[in-house]
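Enquirer: Following this message is one structure expressed as structure tokens.
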Amino acid sequence: MANSKYEYVKSFELEDEVMLPNLILVRLTYRNFERFSEIHEFEKPNDGKALNLMNSCAIAVLEEYPDVVFSYGFHDEYSFVFKKTSKFYQRRASKILSLIASFFSSTYATKWKEFFPHKELKYPPSFHSRVISCASLEVLQVYLGWRQNACHDDNLYRTCFWMLIRSGKTKEEAKEALKDGQKQGRNELLFQMFGINYKKLPEMFRQGSCILKIEVEDVVKCDENGMPIKRLRRKPDIFHTQKIVAKKFWNEKFVLVKELGTLEEIGKIIPEYIRSFLFENKLLPSTYIIIRIDGCHFHRFSDIHEFEKPNDSRALNLMNACAVAVLNEFQDVVFAYGVSDEYSFVLKKTSQFNQRHSSQIVSAIVSLFSSVYVMKWNKFFPQKTLKYPPSFDGRAVCYPSTEILQDYLAWRQVDCHINNQYNTCFWMLVKSGKTKAEAQKCLKGTQTREKYELLSQHFCIDYNSLPVMFRHGSSVYRVKKSTSAIPENDNNGELQEVIVDHCNIIEQSFWKAHSSILGETPDDSDSQIIASTDASISEGHTSNYFCEQ
């Protein structure tokens, strides 16, 4: 990291490690699924193609992350279980839940055409996710049993509800008819009124889908005589079974026993028992919330997709478009700042978005950002195929004052400047014929002025004339827009639009000119423009997907 006077803002970040020997479980649920399913005209009460798309995304998660050994899902949710010894992302809850939500969302958008070839994906899917820390295998067993019971109850209700709708009842009449109904009564309703034997409906609808890794023989190569050489490897497989937490089902699966342990039969599942483990962190009230997202392995992603070095304006503008989508979707996000493969989103002090639940806010933003990235890829890279779904991780940090929040944003812009100058020098040296190691050695210990001179004298590049987006990063915020055709419910004859700006947000002049962004007038404090900040910076560079490390 670059060292500057703004580094102190990192002290506000909190650790959220899931301590051993607790089992890590991530539960993913669709945001606004009813709206999404109606707009895309999913079949009721169940759409087999939509469920199989969810299953396919879950399989992709198990293929992408070896530590995930089991998953269970139905309707609009999926739960992912990590092996008991997992050290995935140092067991940091925010990283884990955001990565799963991000990858699942981008995979969902990527695979949409595979399952709905004749339907357009009209808006980006997004999910909430949370980490559940299971104190023992018994807790995990009860949790999974609880979710499978919920699958059965929900599907039985939805099946009755939509059959009543098809018979001519209104939604209100159908709800009233099913009010306080028991399972047996609903089974009888389906059989007597519609001739449906509930037990003969597809297992996927009634029992949900579980995915686990099984060991299979796979040909890894051929020997010198052309004979195949086989090895055991783990491959996700899907099951539909009546009771996924039954001793017989679980203990016959070698991977589950090895990675999680053996089960004993359990009695009646009491939802209240498992809900006691569903603790949700709430962020401090009356503080600004920063949601910072970072690309996961974006150096590799940029290489595979052949991004231009040191900056690819198409990739940066795609990131900006995703940030605009976030501000358009979530009104509580009042400002965003992005550079390279990262973006920071500012939620206003008074925000009650998702009741300030950390995991829900982080996952909602990172999930939407990821699916938009996939959906808008072709707009910015019309000649390039997206070869695999991108993913981002996220975290939430609270800042108590406007001054500290602005220092956080200044810290990110200082890093943008230092990284870009280093990367520009690095890639010009590489393009001139040096190896990457030689370029790194050449730049080691150099200061800002020396890099200016290197670019000017050896490559005839005036650093200050490079595109401002590369040097300053991108700021995204709302501005008031006057129009002659004003809806009656707009205030003061003004509308708002989200814009992307490339400006200096270290100087107080920006915040004074846009005081409405943070909802208060910032205090006067000493500030520096980027150029004057350089002199006080101890040289270094942060991770960046446009540079080698």
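The values are calculated or read from the model by the stated rules, or taken from the named source; none is laboratory data. The shown structure was predicted, so the numbers you read here are calculated from the model rather than taken from an experiment. Neighbour counts run over all protein chains shown; Cβ positions are idealised from the backbone, glycine included. Remember, those area values only see protein heavy atoms, side chains included, never the ligands or the DNA or RNA. Shrake-Rupley method; radii C 1.70, N 1.55, O 1.52, S 1.80 Å.
Enquirer: Working carefully through the options Cys425, Cys398, find the one that is touching a residue at least 12 places away in the same chain (Cβ under 8 Å) and outside any helix (DSSP H, G or I).
Expert: From the options Cys425, Cys398, the qualifying one is Cys398.
Enquirer: Mind listing whichever residues of region 1-46 are β-branched (Val, Ile, Thr) and exposed (fewer than 14 other Cβ atoms within 10 Å of the Cβ)?
Expert: Of everything in region 1-46, just one residue is β-branched (Val, Ile, Thr) and exposed (fewer than 14 other Cβ atoms within 10 Å of the Cβ), namely Ile39.
Enquirer: Could you say whether any residue in region 427-449 is closer than 19 Å to Gly473 by Cβ, open to solvent by less than 60 Å² (accessible area, probe 1.4 Å), of a type in the set (A, V, I, L, M, F, W, C) and in contact with a Pro (Cβ under 9 Å, 6 or more places away or on another chain)?
Expert: yes
Enquirer: All but one of (1) in contact with a strand residue (DSSP E or B) (Cβ under 6 Å, 6 or more places away or on another chain); (2) open to solvent by less than 50 Å² (accessible area, probe 1.4 Å); (3) modelled with pLDDT of 80 or more hold for Leu190; which doesn't?
Expert: Every condition holds for Leu190 apart from (1).
Enquirer: In region 349-362, which residues are touching a residue at least 40 places away in the same chain (Cβ under 8 Å), open to solvent by 10 Å² or more (accessible area, probe 1.4 Å) and not in a helix (DSSP H, G or I)?
Expert: Correct list: Lys349, Thr350, His357.
Enquirer: Another one. Going through region 114-144 one residue at a time, which ones are under 19 Å from the mean Cα position of the chain (by Cα), within 23 Å of Ala396 (Cα to Cα) and not polar (S, T, N, Q)?
Expert: Within region 114-144, Pro124, Pro125, Phe127, His128, Arg130, Val131, Ile132 meet the criteria.
Enquirer: Can you tell me which residue is surrounded by the fewest Cβ atoms within 10 Å (Cβ to Cβ) among those in region 321-348 that are of a type in the set (Asp, Glu) and under 17 Å from the mean Cα position of the chain (by Cα)?
Expert: Kept after step one, since they are of a type in the set (Asp, Glu), are these residues of region 321-348: 329, 332, 341-342.
From the residues that got through so far, the ones that are under 17 Å from the mean Cα position of the chain (by Cα) too are 329, 341-342.
Working: Glu329: 17, Asp341: 23, Glu342: 22.
Within region 321-348, the match that is surrounded by the fewest Cβ atoms within 10 Å (Cβ to Cβ) is Glu329.
Enquirer: Further question on the same structure: Would you please name the residue that is nearest to Ser71 (Cα to Cα), looking only at residues in region 199-232 that are of a type in the set (A, V, I, L, M, F, W, C) and not in a strand (DSSP E or B)?
Expert: Among them, the one singled out is Met204.
Enquirer: State whether one or more residues within region 233-244 are more than 23 Å from Tyr65 (Cβ to Cβ), in a loop (DSSP other than H, G, I, E, B) and open to solvent by less than 40 Å² (accessible area, probe 1.4 Å).
Expert: yes
Enquirer: On to the next question. Among the residues of region 69-89, is there at least one that is touching a residue at least 40 places away in the same chain (Cβ under 8 Å), assigned to a helix (DSSP H, G or I) and open to solvent by 10 Å² or more (accessible area, probe 1.4 Å)?
Expert: Checking region 69-89: at least one residue is touching a residue at least 40 places away in the same chain (Cβ under 8 Å), assigned to a helix (DSSP H, G or I) and open to solvent by 10 Å² or more (accessible area, probe 1.4 Å).
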